[in-house]
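**Student:** I'd like to ask some things about the structure below.
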Amino acid sequence: MISLKNLEEAERLISENPMALLYLSRPDCGVCTAIRPKVEGLLKEYPRISAGYVDLDQIPEAAGRFSVYTIPAILVYAEGKETVREARYISLDDLETRIARPYGFLFS
């Protein structure tokens, strides 16, 4: 998961990749810090997903752009369209199930 430096990099990640994941959080969020490595581990099963980390302390306008009102937030895009949105209470099993379907359509 790469750290994105501005909103344009986040937009580019979504538009230039068949499937992209954005992980939006803040460094002082304990839950966010605990879940991020688990999401990165999950992404190893889906190597064709391009993933980016958005630090909302550094890019506060991203919260408004992506309509994120609670963190952590995980947004998954397939061909530029949002297909998965998870926030606050994230079940990694449910997340994997929701990622697997569009991933299978795009890459199988």
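**Student:** Which condition breaks for residue 40 when tested against (1) more than 11 Å from the chain's Cα centre (by Cα); (2) under 16 Å from residue 2 (Cα atoms)?
**Tutor:** (1) is the only condition that residue 40 fails.
**Student:** Right, another one. Out of the residues in the stretch 47-69 that are open to solvent by 40 Å² or more (accessible area, probe 1.4 Å) and assigned to a loop (DSSP other than H, G, I, E, B), which is nearest to residue 84 (Cα to Cα)?
**Tutor:** Taking the candidates together, the pick is 67.
**Student:** Let me ask something additional. Please count how many residues of the stretch 21-46 are part of a loop (DSSP other than H, G, I, E, B), in contact with a strand residue (DSSP E or B) (Cβ under 9 Å, 6 or more places away or on another chain) and surrounded by 11 or more Cβ atoms within 10 Å (Cβ to Cβ).
**Tutor:** Of the residues in that region, 2 qualify.
**Student:** When only residues in the stretch 1-60 that are free of Cβ contacts under 8 Å to residues at least 12 places away in the same chain and among the small types (Gly, Ala, Ser) count, which is farthest from residue 93 (Cα to Cα)?
**Tutor:** 30
The values are calculated or read from the model by the stated rules, or taken from the named source; none is laboratory data. Bear in mind that the values here come from a model prediction, so they are computed numbers and not experimental data. Here the Cβ is made from the backbone with ideal geometry for all residues, glycine too, and neighbour counts use every protein chain on show. Quick note on the areas: whole protein, heavy atoms, side chains included, nothing else; ligands and nucleic acids left out. Shrake-Rupley method; radii C 1.70, N 1.55, O 1.52, S 1.80 Å.
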